[in-house]
Amino acid sequence: MQAETTSQAVPNLIHPKKKSRMANVWTELKKNKHYYFLMSPYMLIFFTFTVIPVVFSLILSFFYFNMLEFPRFVGWQNYSRLFLNDDIFMIAVKNTFLFAIITGPVSYIACFFFAWIINELSPKVRSVMTLIFYAPAISGNVFFIWLIVFSGDRYGYLNGLLIKFGFILEPIQWLTNEQYILIIVMIVQLWLSLGTSFLAFIAGLQTIDRTLIEAGVVDGIKNRWQELWFITLPSMRPQLLFGAVMQITGSLAVADITVALAGFPSVNYAAHTIVTHLMDYGTIRFEMGYASAIATVLFGIMIGTNKLTQKLLRKVGE
């Protein structure tokens, strides 16, 4: 009997009772309290101006709210109206996805390609070239340059060249013709796309351990393309993910370019996007509940595309 009691007590000594999850969290907080204290200003601002608005927008999407009357609960009515009765929203979704599918991958690859080439230059030349490529992203209102290029009269640079060399006889209204508007917006977006992602890729390429490349040569890597796939890309996965998130967000949230070039709204909604549709109902019609439903749908699309991108980037180098 005593032996059984002893054998039952031994496991309790060998396997002490585990702490609860909250106890582990509290222990971790006390252990790293200085780090959390330094992070607290940013976390407070992020929570106040990002988390809380997102939560309120999600809640408000189930209400009718016109900024004058008290919000009235309407359930899924905003979403049913959005997907079943709003033809303009469907046009905006089509334009946004078309824009994102074309400009997103192209600008992402271009950012990495130019960063990879510039990284091979000498430090002084690399600094100058980085500034040149990044300049459009840090400039102010650069859209007026493209307004001159695509001006609908003979003084527009593109019309002037085409008339001079005999390709056309009369000026083309580039920014009021629905056949050309979305293409022009894509071109301008690609020109502006060498921004934060480009700098992140430059930084990632600078932090690659050169000993990995030397070890790769010993292991049988024969050319730069194999070095790129098996060493460079896997070594900078965090920068690749950051750049992907920035490019996805930028391509799905495009609005300023379309408004500046094509007007608001554009001709036959040829350049209408989800964000401009959101601006229409949120800042002009003041249907805040409906605008919140649009914002929630866009938020869900961004989360889904980011998750898909993360899965794809995990396969890099395999």
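No value in this document is a laboratory result; all are computed from the given coordinates. Predicted model only: the values in this text are computed from it and were never measured. Backbone-built Cβ (ideal geometry, glycine too); neighbour counts: all protein chains shown.
Please give me the summed charge of the neighbours of VAL185: other residues whose Cβ is under 15 Å from its Cβ, Lys and Arg +1, Asp and Glu -1.
So the surrounding residues net to -1.
Give the shape of the range 15-161 as rounded, prolate or oblate, defined through the alpha-carbon gyration tensor: a ≥ b ≥ c are the square roots of its eigenvalues, a/c under 1.5 means rounded, and otherwise the shape is prolate if a/b is larger than b/c and oblate if not.
oblate
How much FRET efficiency would the formula 1/(1 + (r/R0)^6) give for LEU190 and PHE37, where r is the Cβ-Cβ distance and R0 is 51 Å, rounded to 0.05?
It comes to 0.75.
According to the square roots a ≥ b ≥ c of the eigenvalues of the Cα gyration tensor, what is the shape class of the chain, taking rounded for a/c under 1.5, prolate for a/b larger than b/c otherwise, and oblate for the remainder?
oblate
Angle between the Cα long axis of helix 33-46 and the longest principal axis of the chain, 0 to 90 degrees, nearest 10?
Once rounded, one gets 30 degrees.
Taking 0.36 nm per residue of sequence separation and subtracting the Cα-Cα distance, how much length would be gained by fully extending the chain between ALA215 and GLN173, in nm to one decimal?
Length gained between ALA215 and GLN173: 9.3 nm.
Give me the angle, in degrees from 0 to 90, between the Cα long axis of helix 87-119 and the longest principal axis of the Cα atoms of the chain, rounded to the nearest 10.
Approximately 70 degrees, to the nearest ten.
With θ set to phi - 60° and the Karplus curve 6.51 cos²θ - 1.76 cosθ + 1.60, what are the ³J(HN,Hα) couplings of the range 203-210 in order, to the nearest whole Hz, using x for Gly and Pro?
Along the range 203-210, the couplings run 5, x, 5, 6, 9, 5, 6, 5 Hz.
When the chain is fully extended, how far beyond the present Cα-Cα distance does TRP116 get from TRP76, taking 0.36 nm per residue of separation?
9.6 nm
With axes computed from alpha carbons, what is the tilt in degrees of helix 21-31 against the longest principal axis of the chain, rounded to the nearest 10 within 0 to 90?
Once rounded, one gets 80 degrees.
I want to verify a result. In a Gaussian network model of the chain, Cα cutoff 10 Å, which of these has the top mean-square fluctuation: ASP280, ASP219, ASP87?
Highest fluctuation of the listed residues: ASP219.
If a/c stays under 1.5 just call it rounded; otherwise compare a/b with b/c (prolate if a/b is bigger, oblate if not). Do that for the range 262-318, with a ≥ b ≥ c from the square roots of the Cα gyration tensor eigenvalues.
It is oblate, given that a/c is not under 1.5 and a/b is not larger than b/c.
Quickly work out the LYS164-to-TYR134 label distance, labels modelled 7 Å from Cα along the C-beta direction, and quote it in nm with one decimal.
According to this spin-label approximation, the distance is 3.5 nm.
Quote the FRET efficiency, to the nearest 0.05, computed for VAL51 versus ILE208 with a Förster distance R0 of 30 Å and r equal to the Cβ-Cβ distance.
In this case the efficiency is close to 0.30.
Given H placed on each backbone N at 1.01 Å, which residues far from TYR64 in sequence or on other chains put an amide H within less than 5 Å of it?
Result for TYR64 returns ARG72, PHE73, VAL74.
Could you let me know the centre-to-centre spacing of the range 114-128 and the range 236-257, using Cα atoms, in angstrom?
Rounded to whole Å, the Cα centres lie 22 Å apart.
222 nm [θ] for the chain, helices only, -39500 (n - 2.57) per DSSP H run of 4+, per residue, to 500?
-20500 deg cm²/dmol
Modelling each spin label as a point 7 Å along the Cα-to-Cβ direction, I'd like the ARG237/ASP87 distance in nm, to one decimal.
4.8
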